[in-house]
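Asker: I am attaching a structure below and will ask some questions about it afterwards.
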Amino acid sequence: MSRSMSVCSGDCSMSRSPRARRTEDDAPPTDWLGELPPELHLRILEGVDDFSDCAAFSLASPRLGLLALRSGLARFKDPLFAVAMRLLLIQRFAGAFVTVSATLNEGTLRAYTADRRASADHFPWLARVSPALCLSSEVTGAGASRAKYWRLRRGDANGANLRRRLLQSGQVQHYEGEKGAERKVRMETANGNVLHYEGERGAERLVRTVFTSGNVHYYEGEKGAERKVRAVFTNGQVQHYEGEKGAERLVRTEFADGEVQYYEGEKGAERKVRAVFTNGQVQHYEGEKGAERLVGTEFADGEVQYYEGEKGAERCVRVVPRASEDKAAAEKRYQAMRVAELRSECERLGLATTGVKAALVARLLAA
């Protein structure tokens, strides 16, 4: 009896199923898609054509959603994908009793229409997921005024106008505000420039133009009298203007290195009259636009140099040393300078740059 139990015990131990000894590490993966190669992932994602499904796929497997975005799949790059993601997340966190239509608010729809990539081709999808509040599109007018309008739609009734696209010119106008009080806030031209507006309906004034080059112009004044006051360039240069609309004249240019140039004259004939540098040096110019010649330079130490000659051929004709410096002080200052600095100073003054240090110092003192 005892022997039989002992044998049975041994046999049972030896014949235990391998499945019974499987550890947690041997368990099948919960994200089975993660086991597939990336190429197959993309093939699967390319077949997902509904934005709601794209959002559900991305939430079920964030790695796949990121892969789709990085790979540039059209549905996942479309601004409507972000809308679908937001709706699905709100539903999941709010609970099963919240419907999709309740989550599509006016702000979400306005943000979508403001995106350059938005398309009326997707309005049916919006109507399906949010029949109570969606977008509508219609074409009205004739000739140059023929335009396609995008509006909010509440049930069967059209709401506020959000966007107007002139079919002939390609110009696109964007609006904000309630129905009947819509005001133009932005206009995109066919060549890609973007104009920004401020003010109530009927009094919208141009405040800024962003060009495709990245340059930006700023304006002041009421509607119809907006005048350019500043232009900012991508290289860091800033130009300032004065004058009424159509007669804005350049008065100052600030460069990225800190140099500032000042101008006088009417629009189109602005001439440079002064340049101020970060080291304290100030240059003075005379002459018409394009022919401005250097006539004087003030240095930070108080020294002043005067020039004669046409533009590009100016020569120093007189040097007025700083009043507080006598010959002994000047000699001490020159003696403290290196040979390379002395030669540079001689070159600036139009003097010969040859010779040893003592000769350079003597030449500078005699100037």
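The values are calculated or read from the model by the stated rules, or taken from the named source; none is laboratory data. It should be emphasised that the depicted structure is a prediction, and the values quoted were computed from it without experimental measurement. Here the Cβ is made from the backbone with ideal geometry for all residues, glycine too, and neighbour counts use every protein chain on show. Just the protein is used for accessible areas: all its heavy atoms, side chains included, with ligands, DNA and RNA removed. Shrake-Rupley method; radii C 1.70, N 1.55, O 1.52, S 1.80 Å.
Asker: Mean-square fluctuation check for the chain, GNM, Cα pairs under 10 Å: which of Glu178, Glu347, Glu308 is largest?
Answerer: Fluctuation is largest for Glu347.
Asker: May I pose another question? Say we join alpha carbon atoms closer than 10 Å with springs in a Gaussian network model of the chain; which of Ala247, Ala225, Ala142 then has the biggest fluctuation?
Answerer: Its mean-square fluctuation being the largest, the pick is Ala142.
Asker: If you don't mind, another one. Which whole-percent values make up P(r) of region 257-320 when all C-alpha to C-alpha distances are grouped in 10 Å steps starting at zero?
Answerer: 23, 48, 27, 2
Asker: Given H placed on each backbone N at 1.01 Å, which residues far from Gln281 in sequence or on other chains put an amide H within less than 5 Å of it?
Answerer: Ala300
Asker: Can you order the peptides 158-166, 262-270 by their average number of other Cβ atoms within 10 Å per residue, highest first?
Answerer: Ranking the peptides 158-166, 262-270 by packing returns 158-166, 262-270.
Asker: Non-local amide H neighbours of Gln237 (under 5 Å, H modeled in plane, Pro and chain starts lacking H): which ones?
Answerer: Excluding prolines and chain starts, which carry no amide H, the hits are Ala256.
Asker: Cα atoms only, the chain: Rg and Dmax in Å?
Answerer: Using the Cα atoms of the chain, the pair Rg, Dmax is 37.5, 131 Å.
Asker: Tell me the per residue accessible area of the chain using a 1.4 Å probe; a whole number in Å² is fine.
Answerer: On the way: 21900 Å² over 367 residues.
Accessible surface, normalised per residue, equals 60 Å².
Asker: For the chain, which whole-number percentage of the solvent-accessible area (1.4 Å probe, protein heavy atoms only) is attributable to carbon and sulfur atoms? Write out the running numbers ahead of the final one.
Answerer: Numbers: 11180 of 21900 Å².
Result for the chain: 51 percent of the exposed heavy-atom area is carbon or sulfur.
Asker: For region 328-336, what does the Karplus curve 6.51 cos²θ - 1.76 cosθ + 1.60, with θ = phi - 60°, yield as ³J(HN,Hα) per residue in whole Hz, taken in order and with x for Gly and Pro?
Answerer: 5, 5, 5, 4, 4, 5, 5, 5, 7
Asker: Skipping prolines and chain starts, which residues have an amide H placed within reach, meaning under 5 Å, of the one on Arg274, given they are 5 or more residues away or on another chain?
Answerer: Tyr262, Tyr285
Asker: How much mean residue ellipticity at 222 nm does the chain get from its helices, if each DSSP H run of length 4 or more adds -39500 (n - 2.57) and you divide by all residues, to the nearest 500 deg cm²/dmol? Walk me through the numbers on the way to the answer.
Answerer: Values: 12 runs with 111 residues, N = 367.
After summing the helix terms and dividing by the residues of the chain, the value is -8500 deg cm²/dmol.
Asker: May I pose another question? Which of Gly199, Val210, Gly243 sits closest to the plus end of the dipole of region 193-249, meaning its Cα is farthest towards the positive end, when Lys and Arg get +1 and Asp and Glu get -1 on the C-beta?
Answerer: Of the listed residues, the answer is Val210.
Asker: If ligands, DNA and RNA are left out, what is the accessible area of Glu345 with a 1.4 Å probe, given in Å² to the nearest 10?
Answerer: Around 30 Å² of this residue is reachable by solvent.
Asker: Cα-Cα over 30 Å: which of Lys311/Lys332; Lys77/Lys245; Lys148/Lys223; Lys184/Lys245?
Answerer: Details: Lys311/Lys332 35 Å; Lys77/Lys245 42 Å; Lys148/Lys223 25 Å; Lys184/Lys245 21 Å.
Too far apart for the 30 Å limit: Lys311/Lys332; Lys77/Lys245.
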